[in-house]
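For reference, the structure is listed below as structure tokens.
The values are calculated or read from the model by the stated rules, or taken from the named source; none is laboratory data. Quick caveat, the model's predicted, so the values are computed rather than measured. Cβ: placed from backbone, ideal geometry, glycine included. Neighbour counts: every protein chain shown. Surface areas here come from the heavy atoms of the whole protein model, side chains and all, with no ligands, DNA or RNA. Shrake-Rupley method; radii C 1.70, N 1.55, O 1.52, S 1.80 Å.
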Amino acid sequence: MTPVRSLARAMLSGIFVVSGYRNFRSPQRLAQKAAPVTERAAPLLQKVHPSFPTGTEQLIRINSAVQLGAGLMLATGRLTRPAALILAGTLVPTTIAGHPFWNDDDPATRDTNKVNFLKNVGLFGGLLLAAADTEGKPSLRWRTGHRIGHSRRSMERAVRTAKREARIAVRSASTARRLPG
């Protein structure tokens, strides 16, 4: 892994590690802002699995723990592509709950929330780039296509060889029939 890639991943994951830790330790400070989103998500979570926690503070803690863990994975270079996708997924409810500028009446608050909303959209874009980064290696799609092409060529070669050997065997058999004996 290049130093630039390592530094960029550490810089991108820093906000998730710090805020994940902070929010995990004290979810009550975010509960009021998160309540409208968690109240809408609770019935969906109950449909997925009836025993899934639906309390606002519990969901904040789960989201924070996931951000902390995935942020550390991204920063340390472990499973970076899945970690980036997971962080992108956790960023959606965080952004909607934390920066709903469309609900603000005060222009100053609306501007602040809009800037933070756009910052999170930029982080989301960075996470998508990190998820797509193959570290200079060919993508899974390319490798799969390459292997399929290689297998196809090997099979074509084997078929040609088998046909050639069959022709030789037929000629040898017909030659053997013509021999006296």
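For residue 143 and residue 4, what is the calculated FRET efficiency with R₀ set at 30 Å and r taken between the beta-carbons, to the nearest 0.05?
On the way: r = 24 Å, r/R0 = 0.80.
Result of the calculation: an efficiency of 0.80.
Return, ordered by residue number, the residues of region 25-45 whose backbone nitrogen is under 14 Å from a label point located 7 Å along Cα→Cβ of residue 52.
38-45
Keeping all protein chains in place, calculate the accessible area per residue for region 1-160 (probe 1.4 angstrom), answer in Å².
Here the per-residue accessible area is 65 Å².
Would you please name the chymotrypsin sites (Phe, Trp or Tyr not before Pro) within region 3-37 that are DSSP coil residues with at most 15 other C-beta atoms within 10 Å of their C-beta? Provide the component values of the computation, followed by the final result.
Details: sites: 16, 21, 24; in loops: none.
Loop-located and lightly packed - none at all.
Once each part is reduced to its C-alpha centroid, what is the distance from region 15-83 to region 156-181 in angstrom?
Comparing the Cα centres of region 15-83 and region 156-181, I get a distance of 70 Å.
Please give the helix 80-98 orientation as an angle from the longest Cα principal axis of the chain, in degrees from 0 to 90, rounded to the nearest 10.
30 degrees
Under the classification rounded if a/c is under 1.5, otherwise prolate if a/b is larger than b/c and oblate if not, where does region 74-181 fall, given a ≥ b ≥ c as square roots of the Cα gyration tensor eigenvalues?
prolate
Using only the alpha carbon atoms of the chain, find the Kirkwood hydrodynamic radius as the inverse mean reciprocal pair distance, in angstroms to one decimal.
Details: mean 1/r = 0.0484 Å⁻¹.
Roughly 20.7 Å, rounded to one decimal.
Under 15 Å between alpha carbons, and skipping anything fewer than 8 positions from residue 33 in its own chain: which aspartates and glutamates qualify?
Excluding near neighbours in sequence, the set is 57, 104.
Relative contact order of region 1-91, please, whole-number percent, based on alpha carbon pairs below 8 angstrom and at least 6 residues apart.
Across region 1-91, relative contact order equals 38 percent.
For the chain, what does the relative contact order come out to in percent, with C-alpha contacts under 8 Å and a separation of six or more?
21 percent
On a 0 to 90° scale, report how tilted helix 140-178 is relative to the longest principal axis of the chain, with both axes built from alpha carbons and the result rounded to the nearest 10.
For helix 140-178, the angle is close to 10 degrees.
Please compute the modelled spin-label separation between residue 35 and residue 72, points set 7 Å along Cα→Cβ, answer in nm with one decimal.
For residue 72 paired with residue 35, the spin-label model returns 3.2 nm.
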